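K.L.:
One structure, pasted below without further comment.
The values are calculated or read from the model by the stated rules, or taken from the named source; none is laboratory data. Predicted, not measured: the structure shown is a model, and the values here were computed from it. Glycine gets a Cβ as well: all are built from the backbone with ideal geometry, and neighbour counts include every protein chain shown.
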Amino acid sequence: MKHILFVDDEPNILEGLQRMLRSNRDQWEMAFAQGGEAALTLMDASSFGVVEIIRIGAKVHDIGKMGIPYAILRKPGRLTAEELAMMRLHPEIGKRTGINSAVTLSHASG
């Protein structure tokens with residue numbers, strides 16, 4: 001059985017992963033750490049075969065810009081209030097994309 005540690009600074013990401021990966025409990029022994037310090041503490045107490053460092057908020061949120069119209073992304077000058085509101089959605093779009101990608105990769109590797 002694989003012993004996997006998932007690490008992310010965002011508790012909502014970890015909670016979402018726990019729910020989505022629940023069906024894999026018979027194949028994987030999983031632990032979830034919020035941040036590096038918690039991960040190091042868990043790694044001192046137990047041996048993990050795989051450490052998945054997701055860090056979606058820091059690395060993946062710009063993927064959400066794929067959901068923003070190109071004209072807004074490349075617009076020279078100031079954005080209108082409506083365009084700015086749309087642009088501010090990109091981290092949430094990226095987070096959702098990142099969660100789906102992380103689960104897909106986890107299922108593919110298992």
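K.L.:
Out of 95, 65, which single residue is closer than 19 Å to residue 8 by Cα, at pLDDT 55 or above and part of a helix (DSSP H, G or I)?
P.N.:
95
K.L.:
Which of the residues spanning region 16-40 are surrounded by 12 or more Cβ atoms within 10 Å (Cβ to Cβ) and part of a helix (DSSP H, G or I)?
P.N.:
Scanning region 16-40 gives 16, 17, 18, 20, 21, 24, 36, 38, 39, 40.
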